[in-house]
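The values are calculated or read from the model by the stated rules, or taken from the named source; none is laboratory data. Source: prediction; values computed, not measured. We place every Cβ from the backbone using ideal geometry, glycine too, and count neighbours over all the protein chains shown. Each accessible area value is taken on the protein alone, full model and side chains, heavy atoms only, with ligands, DNA and RNA left out. Shrake-Rupley method; radii C 1.70, N 1.55, O 1.52, S 1.80 Å.
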Amino acid sequence: MSSELPISDDTPGVTASPAEAGQPLREITRDGVHYTLLGTAHVSRASVEAVQAMSRDGDYDAIAVELCPARLEALEGRHGWRDLDLYRIIRDGKAGLVMANLALSGYQRRIAEQFGIEPGAELKAAAEAARKQDIELQLIDRDLATTLKRTYRRVPWYKRLYLTAGLVLSSFSNEDIDEDSIEKLKEGDILESTFTEFAEQSPEIYEALIAERDRFMAARLRADNAGAEGRRVLAVVGAGHLDGLARALEGSDVDPAAEVATLSTQPPKARWPRFIPWVILALVATGFYLGFRQSPALFWELVVLWVAINGGLAALGAALAKGHPLTILSGLVAAPLTSLNPMVAAGMVTGLVQSWVRKPTGADLERLRDDATTLKGWYANPATRILLVFFLSNLGSAIGTWVAGFRIFEKVTGA
């Protein structure tokens, strides 16, 4: 059973403060638990005040918020950037995920500077209210890393570069946030607003960013409050999730624990992309062999071509990232070899070299969140420059592999 209550002074049986006016509400009872779903805007002072008023006056047994532990830590300044081990991150292949997190953080910081309020301030207020009143705080949103990975893997491979580049470049821009993005933020979802253009063009992205999280949060609410008949729970979520969350909370007959487990797993990787590096290796090796069969001179010409193009573009990427001279040299030397080794990427080598010759200090890491708001900041901070070295040298090596491969084919076949 549910009812929608857009709070106003005329709503029967509801006493609304001015701060609460216009904040959409849904009242739902499921499994004997009464849920009050409060839809908020992530850049609205009125939403912050509404959360504070309702949590103070509503006599709730628990407060649930549209956050995961990592996002709550980030909102409360407990992200722990100072403890970031970039050497290990690059070695473990997690540099891309860190760049995505920094890009999101930079985007939110720009909004904070433009509008004078931190995105998600109402969620932070809800968490603070739960602690102050000593009632249970439930973090019901899916882990941010899982959401980003599921989103990334759902889109076709040729859209992934576009998606990744768009996310990174969005944090570099010095322009004000446009009206369309602000309207998305008023609807209440920071992730959707960041990927607005992509979500509108890709049902796969919308499914992972919004629809799946609606179902996940509904399942978490049911799982966290199972067997607690009579409990009253205030759930604070972005207004963009209100309808979907209400439908999932009312209508789903799926076991909530099973739903949480299903939506927390990573989609299986497509098998065929795993073979691409091996195919490239086989083709290049075949080209070298055929060149040698034709003449040793042609063989060495192909080797020089491979090294010059592949290594040169990887080194150019490192140079564009303003890497140390040793880093640039490492890209030149490593890329021709790593492109023939599917287990290692050129960016791993250049990133590790850059982190060794220009190791970030604790102060550099503390400034990450602020420096990630501008392109100048990404270049100025040694930590983000390491990530740029990783990304751009990898991009250069990837382009170099295809360009050099085609040139070798032309030389061998005489095309």
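Points worth noting:
- Note on Asp57 and Ala380: the model spin-label points, each 7 Å out from Cα along the C-beta direction, lie 4.5 nm apart.
- Derived scalar couplings between HN and Hα for segment 385-401 equal 5, 4, 5, 5, 4, 4, 5, 6, 6, 4, 4, x, 5, 5, 5, x, 4 Hz in order, rounded to whole Hz, by the Karplus curve 6.51 cos²θ - 1.76 cosθ + 1.60 (θ = phi - 60°), x for Gly and Pro.
- Solvent-accessible area of Tyr152, all protein chains in place: 90 Å² (probe radius 1.4 Å, heavy atoms, ligands and nucleic acids excluded).
- Point-to-point label distance, Trp300-Arg271, nm (Cα→Cβ direction, 7 Å offset): 4.4 nm
- Distance between the pseudo-spin-label points of Tyr289 and Lys322 (7 Å out from Cα toward the beta carbon): 4.7 nm.
- Stokes-Einstein diffusion coefficient of segment 252-323, Kirkwood radius over Cα pairs, 10 °C, 1.306 mPa s, in µm²/s: 96 µm²/s
- Accessible area of Glu366 (1.4 Å probe, protein heavy atoms only, ligands and nucleic acids ignored): about 100 Å².
- Evaluated with a Cβ-only charge set (Lys, Arg +1; Asp, Glu -1), segment 246-329 carries a dipole of roughly 480 debye about its Cα centre, given to the nearest 20.
- What the phi angles of segment 30-41 give under the Karplus curve with 6.51, -1.76 and 1.60, with θ = phi - 60°, is a coupling list of 9, 6, x, 9, 9, 10, 9, 9, 9, x, 10, 10 Hz, glycine and proline written as x.
- Three semi-axes describe the equivalent ellipsoid of segment 250-409; taken as square roots of 5 times the Cα gyration tensor eigenvalues and ordered largest first, they are 36, 28, 11 Å.
- Modelled label reach - Glu229, point 7 Å along Cα→Cβ, segment 29-73 residues with backbone N closer than 14 Å: 30-34
- Ligands, DNA and RNA are left out, and with a 1.4 angstrom probe the accessible area of segment 296-368 is 47 Å² per residue.
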